[in-house]
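J.: Okay, here's the structure, questions in a sec.
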Amino acid sequence: MSAPDIKNLNYHILVCEGKSCSKHGSEALWYILKEKLNSKKYKQSIVQSKVHCTGNCKFAPVIMVYPDGVWYKKITPSLLKKIIKKHLKKGTFLAKKHILGTIQSDT
Ligand code: FES
């Protein structure tokens, strides 16, 4: 895999692969993302990474979208497709009921 050109990146998506998130389907989410983001449209602008448990296991599976700092909770494949369609394509977050929290950056 070649290193992405950081200046061209719009988003970095983190998928929790901890025990609870794995038990609740994070691996399937990982492969859905991988398939969608491998398209020419996203390949140079979005990267995905796996992270260890974030301590939010009761909200598993958890996905984080940066630089917006949005932590999504209890994500299903269909919600992930909405994140791709709404958040990654249009910059619109999903409804609050799907958001665990947001991290604000001053930079
Ligand atoms: S395993 Fe994902 S938050 Fe704990």
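J.: Looking at ILE63, ILE103, ILE99, ILE46 in this structure, which one is more than 16 Å from the ligand (Cβ to nearest atom) and among the β-branched types (Val, Ile, Thr)?
T.: On the way: ILE63 fails: more than 16 Å from the ligand (Cβ to nearest atom); ILE103 fails: more than 16 Å from the ligand (Cβ to nearest atom); ILE99 fails: more than 16 Å from the ligand (Cβ to nearest atom).
Sole residue among the options that is more than 16 Å from the ligand (Cβ to nearest atom) and among the β-branched types (Val, Ile, Thr): ILE46.
J.: Any residue at all in the stretch 60-76 that is in a helix (DSSP H, G or I) and closer than 21 Å to GLY18 by Cα? Give the steps one after another, and end with the answer.
T.: Step one: list which residues in the stretch 60-76 are in a helix (DSSP H, G or I), which gives none.
Taking every residue of the stretch 60-76 in turn, none turns out to be in a helix (DSSP H, G or I) and closer than 21 Å to GLY18 by Cα.
J.: In the stretch 6-24, which residues are assigned to a loop (DSSP other than H, G, I, E, B) and either crowded, with 17+ Cβ neighbours inside 10 Å or within 11 Å of the ligand (Cβ to nearest atom) (or both)?
T.: Our first condition is that a residue be assigned to a loop (DSSP other than H, G, I, E, B); within the stretch 6-24, this holds for 9-10, 17-18, 24.
Within the stretch 6-24, GLU17, GLY18, HIS24 qualify.
J.: Look through ASN56, ASN38, ASN8 and report the one residue that is under 21 Å from HIS98 (Cβ atoms) and either at pLDDT below 95 or over 14 Å from the mean Cα position of the chain (by Cα) (or both). First the steps, then the outcome.
T.: Values: ASN38 fails: under 21 Å from HIS98 (Cβ atoms); ASN8 fails: under 21 Å from HIS98 (Cβ atoms).
After ruling out the rest, the residue left standing is ASN56.
J.: Restricting attention to the stretch 33-50, which residues are surrounded by fewer than 17 Cβ atoms within 10 Å (Cβ to Cβ) and farther than 10 Å from VAL15 by Cβ?
T.: Of everything in the stretch 33-50, those that are surrounded by fewer than 17 Cβ atoms within 10 Å (Cβ to Cβ) and farther than 10 Å from VAL15 by Cβ turn out to be GLU35, ASN38, SER39, LYS40, LYS41, LYS43, GLN44, SER45.
The values are calculated or read from the model by the stated rules, or taken from the named source; none is laboratory data. None of the values given here were measured: they were computed from a predicted structure. Here the Cβ is made from the backbone with ideal geometry for all residues, glycine too, and neighbour counts use every protein chain on show.
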